Amino acid sequence: FQGGVILAAAFFLPLLARHGARLHHSILSVIEAFAGASFILIGLAALAEGQAFLQPMLNQDTLGALISAGTLPLLYIAVGLKVGAELASLLSNLAQTESEQ
């Protein structure tokens, strides 16, 4: 979640620096849709293997290995992208509304 807020700030700061700059909402919509769909697909993959929804899968048996957390990093990336795209879109809309007035 916190990473998503940092991503949103990275999109929003150029809007603050350049008064007339605009952000392409179609790109943010695609990122947001991809992140939400990937979150659901990871959960459905666990169901397909006979586990609970969003049950951590993948290589969990090797403590300290790079991918020992299973699917949790993938879920965190999906949530970060979703939050970042949503918040960047919201802040962009607020900046455009403010500049029109």
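The values are calculated or read from the model by the stated rules, or taken from the named source; none is laboratory data. Small disclaimer: the values here were computed from a predicted structure and weren't measured. Virtual Cβ from ideal backbone geometry, glycine too; neighbours counted across all protein chains shown.
Computed quantities for the displayed model
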read-out: Lone unmet requirement of (1) closer than 26 Å to H25 by Cβ; (2) at pLDDT below 90 for L81; value: (2)
read-out: Search result, residues across the stretch 1-23 that are within 19 Å of K82 (Cβ to Cβ) and in a helix (DSSP H, G or I); value: Q2, G3, G4, V5, I6, L7, A8, A9, A10, F11, F12
read-out: Extreme residue, nearest to V5 (Cα to Cα), among residues of the stretch 46-65 that are in a helix (DSSP H, G or I) and out of contact with any Ser or Thr (no Cβ under 8 Å at 6 or more places or on another chain); value: L47
read-out: Flag for L75 being surrounded by 12 or more Cβ atoms within 10 Å (Cβ to Cβ) and at negative phi; value: yes
read-out: Options S68, S26, S38; residue that is outside any loop (DSSP other than H, G, I, E, B), polar (S, T, N, Q) and surrounded by fewer than 16 Cβ atoms within 10 Å (Cβ to Cβ); value: S26
